[in-house]
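Trainee: Sharing a structure here in structure tokens format.
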Amino acid sequence: MADLLVVGSVALDSVETPFGRVQEVLGGAATYFSFSASFFAPVHLIGIVGDDFPSEHVRLLRDRGVDVGGLKTSRGRTFRWTGEYGYDLNEAKTLDTQLNVFAEFRPALDERLRRTPFLFLANIDPELQLDVLRQMAVRPRLVALDTMNFWIQGKRDALLKVLAEVDIVTINDAEARQLAGEPNLVKAARVIAGMGPKTIVVKRGEYGAMLVVNGAFFVVPAYPLEAVYDPTGAGDTFAGGFMGYLASQEQVSAAALRRAMVYGSVMASFTVEDFSLDRLKRLEPAEIEERYGAFHDLVRLEA
Ligand code: AMP
């Protein structure tokens, strides 16, 4: 079992879906990631919040065992994201992004964290992602990165720079097309691999996820759910299950990568069952294993 380090947004989200609406609830890429990964391996979170961030949110992460020693509180307002989804829950429409305290954030990793073997650069300014990567005293065994349209469009050069140094990229399908400038996902994955990461994980919402390693493909479906309330955080929760599972294994083998894809899908399937982290808060480890088992039945070819 190895430790995981994550840097990314910790946020207050306001979200509207056809099934409800929430205001300033706990969100953020690093939040969903660390909560999800904590079911598999020890996680250390690097990020920043403002002095308006409710202490109960920090307590929630700490109670899950997430090391929040690297979560800084600064004077000012917490990062805020406002988004909405139509009946097609696969696509979030961003209505507002306020970086607030993230605009001036300069993370400083202590000596211990600089040696963490698994690093996840969750969705945030690629300059911050690169800053954290550069602070590592030892090249981690595995570095993965996630990003979104906001940064692909706004900070493309910085993003390309950090992409060149990572092993894995996790990205949703629309963003993979945007990053590659290529509508065909299979070709887009090849273009992205040319930017650096040997392994590409394309998240496709209700259509599942696709793994591409050196041109070879593996796909997992999404768990079929009747009640999907809010897809926010599904991608980061997927990444948390995926990286958390890999960190729990002796080796990042081809077989472990495939199982990690299923654990990612399992974790994401829980997140979307409620708003914010509400479903994850109620999640029991036994439910994870039960749903993992259900995936076997979903994809078995022979009786
Ligand atoms: P996803 O897993 O892709 O649904 O990510 C959802 C989370 O991303 C939300 O909780 C937001 O707070 C966060 N987020 C939205 N926009 C950004 C951004 N530009 N940078 C970092 N995090 C963001």
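Read-outs throughout are calculated quantities, based only on the coordinates presented, and are distinct from any laboratory measurement. Computed from a predicted structure; not experimentally measured. Cβ: placed from backbone, ideal geometry, glycine included. Neighbour counts: every protein chain shown.
Trainee: Suppose every K and R has +1 on its Cβ and every D and E has -1 on its Cβ; what is the size of the dipole of the range 4-299 about the Cα centre, in Debye to the nearest 20? Intermediate results must be reported in sequence, preceding the final value.
Mentor: Numbers: 31 positive and 38 negative charges, 214 e Å.
Dipole of the range 4-299, to the nearest 20 debye: 1020 debye.
Trainee: Which lysines have a Cα lying under 27 Å from the Cα of Lys187, excluding residues fewer than 8 positions away in the same chain?
Mentor: Filter leaves Lys93, Lys155, Lys161, Lys198, Lys203.
Trainee: Now for a different question. Provide the three semi-axes, in whole Å and in decreasing order, of the ellipsoid equivalent to the range 113-268 as defined by the square roots of 5 times the Cα gyration tensor eigenvalues.
Mentor: Values: eigenvalues 97, 73, 47 Å².
Its equivalent ellipsoid spans semi-axes of 22, 19, 15 Å.
Trainee: Please order Glu302, Glu24, Glu287 by the number of other Cβ within 10 Å, starting at the fewest.
Mentor: Numbers: Glu302 3, Glu24 16, Glu287 13.
Lowest count first: Glu302, Glu287, Glu24.
Trainee: So for the range 1-135, averaging the separation of alpha carbon pairs under 8 Å that are six or more residues apart and normalising by length, what relative contact order in percent results? Spell out each step's value before the answer.
Mentor: Details: 284 pairs, mean separation 41.0, N = 135.
After rounding, I find 30 percent.
Trainee: So how do 218-227, 9-18, 143-152, 74-83 stack up, highest first, on mean other-Cβ count within 10 Å?
Mentor: Details: 218-227: 13.7, 9-18: 23.0, 143-152: 21.3, 74-83: 18.4.
Put in order of decreasing packing, that is 9-18, 143-152, 74-83, 218-227.
Trainee: While we're on this one: When a/c is below 1.5 the answer is rounded, else prolate if a/b is larger than b/c, else oblate, so apply that to the range 7-106 with a ≥ b ≥ c taken from the square roots of the Cα gyration tensor eigenvalues.
Mentor: Working: a/c = 2.03, a/b = 1.35, b/c = 1.51.
It comes out oblate by the Cα gyration axes.
Trainee: Under the rule a/c < 1.5 gives rounded, and otherwise a/b versus b/c splits prolate from oblate, where does the range 1-49 land using the Cα gyration tensor? List each step's numbers first, then the result.
Mentor: Values: a/c = 4.36, a/b = 2.02, b/c = 2.16.
Oblate.
Trainee: Which three lengths, in whole Å and largest first, does the range 60-146 cover when its Cα atoms are put on their principal axes?
Mentor: 45, 32, 30
Trainee: Could you point to the residue in Gly69, Val132, Pro54 farthest towards the positive end of the chain's charge dipole, with +1 and -1 charges on the Cβ of Lys/Arg and Asp/Glu respectively?
Mentor: Farthest towards the positive end: Val132.
Trainee: Does the chain classify as rounded, prolate or oblate by the C-alpha gyration tensor (a ≥ b ≥ c root eigenvalues; a/c under 1.5 gives rounded; else a/b over b/c gives prolate, otherwise oblate)? Spell out each step's value before the answer.
Mentor: Values: a/c = 1.24, a/b = 1.12, b/c = 1.11.
It comes out rounded by the Cα gyration axes.
Trainee: Provide the packing ranking of 195-205, 58-68, 267-277, 230-240, i.e. peptides ordered by the mean count of other C-beta atoms within 10 Å per residue, highest first.
Mentor: On the way: 195-205: 20.6, 58-68: 17.3, 267-277: 23.9, 230-240: 28.5.
My ranking of the peptides, most packed first, is 230-240, 267-277, 195-205, 58-68.
Trainee: Here is a further query. Label points 7 Å out from Cα along the Cβ direction at Ala286 and Glu226: separation in nm?
Mentor: 2.4
Trainee: Set the Förster radius R0 to 35 Å, insert the Cβ-Cβ distance between Asp63 and Phe217 as r into 1/(1 + (r/R0)^6), and round the FRET efficiency to 0.05. Please report the intermediate quantities before stating the final value.
Mentor: On the way: r = 39 Å, r/R0 = 1.12.
My answer for the efficiency is 0.35.
Trainee: If you don't mind, another one. Please list, in order, the residues from the range 19-38 whose amide nitrogen is less than 15 Å from a point placed 7 Å along the Cα→Cβ vector of Asp278.
Mentor: It comes to 19-27, nothing else.
Trainee: For the range 241-250, take each phi angle, set θ = phi - 60°, evaluate the Karplus expression 6.51 cos²θ - 1.76 cosθ + 1.60, and give the result in whole Hz per residue in order, putting x for glycine and proline.
Mentor: With coefficients 6.51, -1.76 and 1.60, one gets x, 5, 6, x, 5, 4, 5, 7, 9, 4 Hz.
Trainee: So for the range 173-238, averaging the separation of alpha carbon pairs under 8 Å that are six or more residues apart and normalising by length, what relative contact order in percent results?
Mentor: Details: 72 pairs, mean separation 12.7, N = 66.
So the answer I get is 19 percent.
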